[in-house]
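Contents: one structure, followed by commentary.
Every number here is computed from the coordinates shown, using simple stated rules; none is lab data. Values in this document were obtained by computation on a predicted structure and should not be read as measured data. Every residue, glycine as well, gets a Cβ built from its backbone with ideal geometry; the counts of neighbours run over all protein chains shown.
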Amino acid sequence: MVYEHHLVSVEDYEPYIGAAAVERILRKAAKLRDLHVVHVNSTYYGGGVAELLSSLTLLFNSVGIKTGWRVIQGSEDFFSITKKFHNALQGAEINLTERKKQIYEEVIFENSVRNHLDHDVVVVHDPQPLPLIRHYRRRGPWIWRCHVDLSAPHRETWDYLAAFVKEYDAAIFSLPEYARRITTPQRFFLPAINPFSIKNAPLKESEVAERLAHYGIPTDLPLVVQISRFDRWKDPEGVIRAFRLARREIDCTLVLLGNVATDDPEGKAVYESLLDCQEERIIILSHQDTALVNALQSRAAVVVQKSLREGFGLTVTEAMWKGTPVIGGNVGGIRRQIEDGVNGFLVSTVEETAARLVQLLKDRKLRDEMGARARESVRGTFLLTRLMEEYLDLFAGFRPHFRLARNDLAASRLAPETTGSRGNQ
Ligand code: UDP
């Protein structure tokens, strides 16, 4: 069988965003045609950054902006250190030793030797590859895109990492609440989803049923689902406790589906710690199956994302897009997606989660209404074309410098024309 390949284009989004927005985006993209951009992160799968990059890089190529994606490599101790940095940026304690800093910086130096980055724009994601900037002669702007919840970072860790951030020409965070006191111009881009991906495109009922049956997931009772990397910040234990409380009042089945990203060495231990909680109605799965994610988000009566910290939370967007009501932790990016009581519920405790579960599970009409509003809010704000346009505007702000860079005149410090402005949201 020969498969036809179709690259999703901006025009494909027209039914969702309208012809005027499509035209506007294409016009902006045409002005940057042939620009050579690269994104660098630390895992090719598992987690929101990889999810975003896999679709965003293709969409940029579809408009003639040559956009690549590189993934840094590292030993297990490197990723265990960077996971500690990640946790510390979200407020956890860390023993920030010289040895940790040395391993971190050394592995990044080695990656810089292997990766030849002479692009017009380099976008570096999250703390893992952050020090790369020290090792290149810049041909154009370097941008640091941080996806974590930076509202209350561990001070010493932030101070250490900020020394690298200051060398960048711009920093992008998900929310204005994550703004830092640095001289680097800061922008705020909310993440977004690709509605045409295997994860988000509509599935037939039979396809949903087939995926669920494949994993032995019973569908006789309403499904409560949380899908997340196995990570303490996602509070899987809290979800199980809330589910147990809710079940005293209403019968249902809980499915926790998770995966472990290659840059997250803590995931396996979190997964194993949950296994004792398994029973007939508490199903804990660790599989990398995108269609299963789609099937669960589509079929669930309620999706839960009870995070304790959350930079953004693409899993919330994905479920809302499927018209499924979401009960989300009242933190970070989840707060930007769920309007409490309107298109979902925000919760802060196990008890509150249980009460909202019972309320939604008992009320089909409420679920349908909230779900419909949830889908509509994703259509209006969280589709990939909105994010693409924000990047296009940012790149356009650097434009005079691309010419300089091409003429090889300057690797000097470059700043966007609209320095300090707060992006459009
Ligand atoms: N994901 C997945 N399979 C899983 C768990 C998560 O494909 O078992 C995906 C999920 O659908 C989403 C991403 O991983 O696209 C998680 O992104 P999010 O922003 O919610 O959280 P992060 O992992 O980046 O903290």
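Just a few scattered comments:
- Percent antiparallel among DSSP beta bridges (both partners in the stretch 162-296, rounded to 5): 5
- Between Ala152 and Glu376, full extension at 0.36 nm per residue minus the direct alpha carbon distance yields a gain of 77.5 nm.
- Positive-end extreme of charge dipole, the stretch 219-364 - chosen from His287, Ser298, Val270 (charges on Cβ): Ser298
- Alpha-carbon centroids, the stretch 152-197 and the stretch 1-56: separation in whole Å: 22
- Cα gyration tensor shape for the stretch 181-226, rounded if a/c is under 1.5, else prolate or oblate: prolate
- Footprinting exposure proxy for Thr353, Thr290, Thr57 (fewest neighbouring C-beta atoms within 10 Å first): Thr290, Thr57, Thr353
- Rg/Rh (Cα only; Kirkwood hydrodynamic radius) as it applies to the stretch 106-200: 1.00
- Only helical runs count toward this figure. For the chain, summing -39,500 (n - 2.57) over DSSP H runs of n ≥ 4 and dividing by all residues gives -13000 deg cm²/dmol at 222 nm.
- Summed side-chain charge close to Arg335 - residues other than Arg335 whose Cβ falls under 13 Å, Lys, Arg +1, Asp, Glu -1: -3
- Candidates Asn95, Asn330, Asn61: whichever shows maximal mean-square fluctuation once the chain is modelled as a Gaussian network with Cα springs under 10 Å: Asn95
- Column: log10 I(q)/I(0), Debye, Cα scatterers of the stretch 223-299, q = 0.24 Å⁻¹: -1.19
- Placing dummy labels 7 Å off each Cα toward the beta-carbon, the span from Asp340 to Leu245 is 1.5 nm.
- Computed across the stretch 1-109, the Kirkwood radius stands at 17.1 Å (inverse of mean 1/r, all Cα pairs).
- By the beta-carbon count within 10 Å of each Cβ, the least crowded to most crowded order of Glu280, Glu389, fewest first, is Glu280, Glu389.
- Fluctuation leader among Asp251, Asp120, Asp263 - the chain, Gaussian network, Cα springs under 10 angstrom: Asp251
- For the chain, alpha-carbon Rg over 2.2 N^0.38 Å: 0.99
- When you filter the trypsin sites (Lys or Arg not before Pro) in the stretch 104-138 for DSSP loop state and at most 13 other Cβ atoms inside 10 Å of their Cβ, you are left with Arg137.
- With distances taken between every two different alpha-carbon atoms, the stretch 291-348 has a Kirkwood hydrodynamic radius of 11.0 Å.
- Close amide H partners of Gly68, meaning residues 5 or more places away or on another chain with modelled amide H under 5 Å apart, are Val37, Val38, His39.
- Test item: Cα-centred dipole of the stretch 1-134, Lys/Arg +1 and Asp/Glu -1 on Cβ, debye: 340
- If you sort the three axes of the alpha carbon gyration tensor as a ≥ b ≥ c, you get a/c of 1.5 or more for the stretch 84-161 and a/b no higher than b/c, which makes it oblate.
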